[in-house]
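Here, each number is a calculation from the coordinates, and none is a lab measurement. Computed from a predicted structure; not experimentally measured. Reconstructed Cβ throughout: ideal geometry from the backbone, glycine too, with neighbour counts over all protein chains shown.
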Amino acid sequence: MQTNIRIQQIQVSGIRRFDEAISTIPDILKLTVGEPDLPTPAHIKKAAIAAIRDDWTHYSPLMGFAALQHAASTYFNQKYQLNYDPEEIIATVGATEAVATALLTILNPGDTVLLPTPAYTSYEPVVSMANAQLVPIDTTTTGYKLTPTALQTALDEHVLDHVKALILNYPTNPTGVTYTRDELQALQKVIATAGIYVISDEIYSELTYEQAHTAFATLYPSKTITINGLSKSHAMTGWRLGFILAPHDLIAEMKKTHQYLVTSTSSISQAAGIEALTNGLDDGPAMRSVYQERRDYMVKRLSEIGLNYIYPTGAFYIFVQLPTDFEGSSWDFATRLAHEAHVAVVPGSAFGASGEGWFRISYAASQSVLRESMNQLALWRVQTASQE
Ligand SMILES: Cc1ncc(COP(=O)(O)O)c(C=O)c1O
């Protein structure tokens, strides 16, 4: 008896596979997983403890507690001028479930989804589960950003393929680039003409360093499904709390998918979320300044080491080019670096074919881990260069 063929073809993500492969190396310095090292703020933890004490330990309504929907509606309005009614918001099990619920709700078998690449690893498997196809749009020659011309070309090339949606993710994992309002407006014109949905994964919206974040739904409200959450902005990855924000008609459909996937997200996490969204407006900016210092430190060190990278303006990643004298794949490079220098980074190929030749550093690690790993990388570079 055969299990589902599409699931057989999916693999655990390259990020996790690589991380698991190098985890047994003693004293490994991990710059792999996009996991904030900062603790969840104390006031949020207290709210969760109080929730347990007060027996908030049962099912919540499917879309989340009304108090959470209200808090999220106000928060996203204050932060990014988004205008969603509380009833247009679903509390999800992290942004991960939000992405899955959105894609499984809108896609029919045979539909096409466009995705600028290199990209985060969780989109393609879900598109495949929906029996739809993902078409990558290579951004390596356009500054790692999608351009209106590249988008139009992809739409033209796939005019017969039922293009249903474009996935945007900015600030972008793995490159750390983000878009200006003008750039988004130019994309919006092409998207609106095509009439496709946009799934806009803005999980790193609080982590933009040089400019304010523009939410795509402020430009294209009727067909944007906004994905956000507290994992990165409030260092709450383990609480599993994310959000889908979308117009009523889409939310009504997504509510059903959400119900049959997960029923609802944890009541205790929702209590923590109400606190984060109500009294934690400054938590994101406080973390942002910590990450920005680290970003500045990392680009300085990488420049001194002589490595080429994409200057990151958001999230907590730097995409770095393999040294020109290295012969081999990004997986080979990251494996050698882990074994020989005890520094773990993610091979660029984990983010799609267009990531080959590069590797991703996550600088959501402590300053001492960052310093030590850059020291070891610098030493390893000198040693390997002198051997060749
Ligand atoms: C772009 C992007 N979207 C979604 C997620 C998943 O977020 P969550 O932990 O809230 O499920 C991540 C996590 O790394 C991410 O980088």
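This ranking places R371, R301 by how few other beta-carbon atoms lie within 10 Å of each, fewest first, which gives R371, R301.
Beta bridges assigned by DSSP with both partners in region 42-279 are antiparallel in approximately 30 percent of cases.
Given axes a ≥ b ≥ c from the Cα gyration tensor, I'd like to know whether region 320-388 is rounded (a/c under 1.5), prolate (a/b larger than b/c) or oblate. In terms of gyration-tensor shape, oblate. Taking each residue as 0.36 nm, the span from H339 to M129 lengthens on full extension beyond its C-alpha to C-alpha distance by 72.1 nm. Placing +1 on the Cβ of every Lys and Arg and -1 on the Cβ of every Asp and Glu, with nothing else charged, gives region 41-150 a dipole about its Cα centre of roughly 420 debye. Say we join alpha carbon atoms closer than 10 Å with springs in a Gaussian network model of the chain; which of L68, L168, L155 then has the biggest fluctuation? Sorting by GNM fluctuation, first place goes to L155. Once the chain from L38 to N375 is taken as fully extended at 0.36 nm per residue, the excess over their C-alpha distance is 119.1 nm.
A convex hull fitted to the Cα coordinates of region 264-334 yields 135 cubic angstrom per residue. Grab the other residues whose beta carbon is less than 12 angstrom from that of I199, score K and R as +1, D and E as -1, and report the net. Neighbour charge sum, excluding I199 itself: 0.
For the chain, a Gaussian network of Cα nodes joined below 10 Å ranks A47, A272, A95 by mean-square fluctuation, and the top entry is A47. Here, region 230-372 yields an orientationally averaged convex hull projection of 11.7 nm² when only Cα atoms define the hull.
The charge dipole of the chain, taken about its Cα centre with unit charges on the Cβ atoms of Lys, Arg (+1), Asp and Glu (-1) only, comes to about 420 debye.
Give me the percent relative contact order of region 42-279, please, defined on Cα pairs under 8 angstrom at least 6 residues apart. List each step's numbers first, then the result.
Numbers: 428 pairs, mean separation 73.5, N = 238.
31 percent.
Using only the C-alpha atoms, the convex hull of the chain corresponds to 153 Å³ per residue. Other residues whose C-beta falls under 15 angstrom from the C-beta of A95 contribute a net charge of -3, scoring Lys and Arg +1 and Asp and Glu -1.
Grouping the Cα pair distances of region 4-98 into 10 Å bins from zero gives a pair-distance distribution of 11, 25, 28, 27, 8, 0 percent in increasing distance order. Over the C-alpha atoms of region 108-195, the Rg to Rh ratio, Rh being the Kirkwood estimate, stands at 0.95.
State whether region 193-298 is rounded, prolate or oblate according to the following rule on the C-alpha gyration tensor (a ≥ b ≥ c being the square roots of its eigenvalues): a/c under 1.5 gives rounded; otherwise a/b larger than b/c gives prolate, and the remaining case gives oblate. It is oblate, given that a/c is not under 1.5 and a/b is not larger than b/c.
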